[in-house]
Amino acid sequence: MHRSAQTALEPSADGPQHIAIIMDGNGRWAKARGLPRVMGHRAGVQAVRNCVRALGDARVPCATLYSFSSENWKRPASEVSDLMGLLKEYIKADLAELHHNGVEVRIIGTRHGLDPEIIQLIEATETTTRGNPNLKLTIAFNYGGQNEIVEASRRIAMDVLAGRLDPQALSVPLFARYLATDGLPDPDLVIRTSGEKRLSNFLLWQTAYAELVFVDKFWPDFSAADLSDAISEFKRRTRRFGGLNAAREG
Ligand code: IPE
Ligand code: IPE
Ligand code: MG
């Protein structure tokens, strides 16, 4: 579905406001078909395209996709280079459509260590799409949650040293402003494909009260129907945030 970047769409009121997805299982998807791992990653990019369109159609206001972790450098150099190449290809091929559909793209994670062409593409993507009114799409690339918290702490310490911040003023919301996700609501729904049940260093701070949904499919097989099932599952959950749910238990 195509829509103009100029028209803002109403978000769905009872659905998740921010879905964060751990796109896992590309390698096993390929292995199950006797293909090299890179073919799984290629199929994974197609699943990203379908998923981003489905997120827009479902009027989800924010989404974050985990596409390369700070620990993924431990993989063979050829796989790392395939994954870097695919990010470049994805941006080059899809930027125009994303912009046309009013998607605002932000890339979080460490830029240090990335090749200059990727950094330039990331910056161009963010500049082009800044302020677009529909889906806020964050791509976590070369991202690690622990490192993000350390970086935030370092910047807080520097502000304190420079006299710009009173340590007594530090609070949970103020700390969050130093994170890469500043300005986004915390994810209320985290989806992980492939059957693994862990966070793997994804959005550790931000997922404090997220609902977790684990899907027993490899990422390349994740469809719009699977997204819709996960959203339905989210709507059935009782969220308490440590208190009581007034409607159901009050
Ligand atoms: C997810 O698929 C993509 C990345 C982590 C980059 P994997 O490559 O982790 O696939 P599996 O988990 O080995 O099947
Ligand atoms: C998490 O998947 C990272 C991404 C999906 C980008 P991994 O495949 O790297 O996670 P582990 O190693 O199984 O925990
Ligand atoms: Mg994996």
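The values are calculated or read from the model by the stated rules, or taken from the named source; none is laboratory data. For clarity, every value in this text was computed on a predicted model and none was experimentally measured. Heads up, the Cβs are rebuilt from the backbone with ideal geometry, glycines too, and the neighbour counts pull from every protein chain shown. Ligands, DNA and RNA are stripped out before the accessible areas are found, and what is left, the full protein with its side chains, is counted by its heavy atoms. Shrake-Rupley method; radii C 1.70, N 1.55, O 1.52, S 1.80 Å.
Descriptive notes on the structure:
- Choice from Q168, Q46, Q146 showing the highest fluctuation, given a GNM over the chain with Cα pairs closer than 10 Å: Q168
- Think of a 1.4 Å ball rolled over the protein heavy atoms: the range 137-250 then has 54 Å² of accessible area per residue.
- In this structure, A32 and K92 have a Cβ-Cβ separation that, at R0 = 30 Å, corresponds to a calculated FRET efficiency of about 0.55.
- Phi angles across the range 200-207 convert, under the Karplus curve 6.51 cos²θ - 1.76 cosθ + 1.60 with θ = phi - 60°, into 3J(HN,Hα) values of 6, 6, 9, 6, 4, 5, 6, 8 Hz, Gly and Pro given as x.
- For the range 55-184, the gyration tensor built on C-alpha atoms gives an oblate shape. Its axis ratio a/c (a ≥ b ≥ c) is at least 1.5, and a/b is not larger than b/c.
- Three-way shape label, the range 111-213, alpha-carbon gyration tensor, a/c 1.5: oblate
- Each label point was placed 7 Å from the Cα along the Cα-to-Cβ direction; for Q17 and A157 their separation is 3.3 nm.
- Among Y143, Y66, Y90, residue whose mean-square fluctuation peaks in a GNM of the chain (springs only between Cα atoms under 10 Å): Y90
- Rounded Å value of the spacing that divides the Cα centres of the range 75-143 and the range 163-239: 20 Å
- Per-residue ellipticity at 222 nm, computed for the chain from helices alone with -39500 (n - 2.57) per DSSP H run of at least four residues, works out to -13500 deg cm²/dmol.
- Residues in the range 56-74 reached by a label modelled at A224 [backbone nitrogen below 17 Å; 7 Å Cα→Cβ]: 56-61
- Max mean-square fluctuation residue, GNM over the chain, Cα-Cα springs under 10 Å, options T128, T110, T181: T128
- Dipole in debye (nearest 20) - the range 1-146, about Cα centre, beta carbon charges: Lys, Arg +1; Asp, Glu -1: 380 debye
- Largest to smallest in accessible area, the residues M39, M84 fall in the order M39, M84 (1.4 Å probe, all protein chains included).
- The string of couplings for the range 118-130 from the Karplus curve (6.51, -1.76, 1.60, θ = phi - 60°) is 5, 4, 5, 5, 4, 5, 5, 4, 5, 5, 4, 9, 4 Hz, one whole number per residue in order, with x for Gly and Pro.
- Solvent-accessible area, 1.4 Å probe, carbon plus sulfur percent, for the range 106-242: 53 percent
- Amide hydrogen proximity for T138: with H placed 1.01 Å from N in the peptide plane, the residues at 5 or more positions away or on another chain lying under 5 Å are A63, T64, L65, R106.
- Between L203 and G145, the built amide H atoms are under 5 Å apart, and every one of these is 5 or more places off in sequence or on another chain.
- Eligible lysines near K217 by straight Cα distance, threshold 20 Å, same-chain separation 8 or greater: K31, K197
- At a probe radius of 1.4 angstrom, the accessible area of the range 5-70 per residue rounds to 43 square angstrom.
- In sequence order, calculated HN-Hα J values of the range 81-91 (Karplus, 6.51, -1.76, 1.60; Hz; x Gly/Pro): 5, 4, 5, 5, x, 5, 4, 4, 4, 4, 5
- Prolate/oblate/rounded call for the chain, Cα gyration tensor, a/c under 1.5 rounded: rounded
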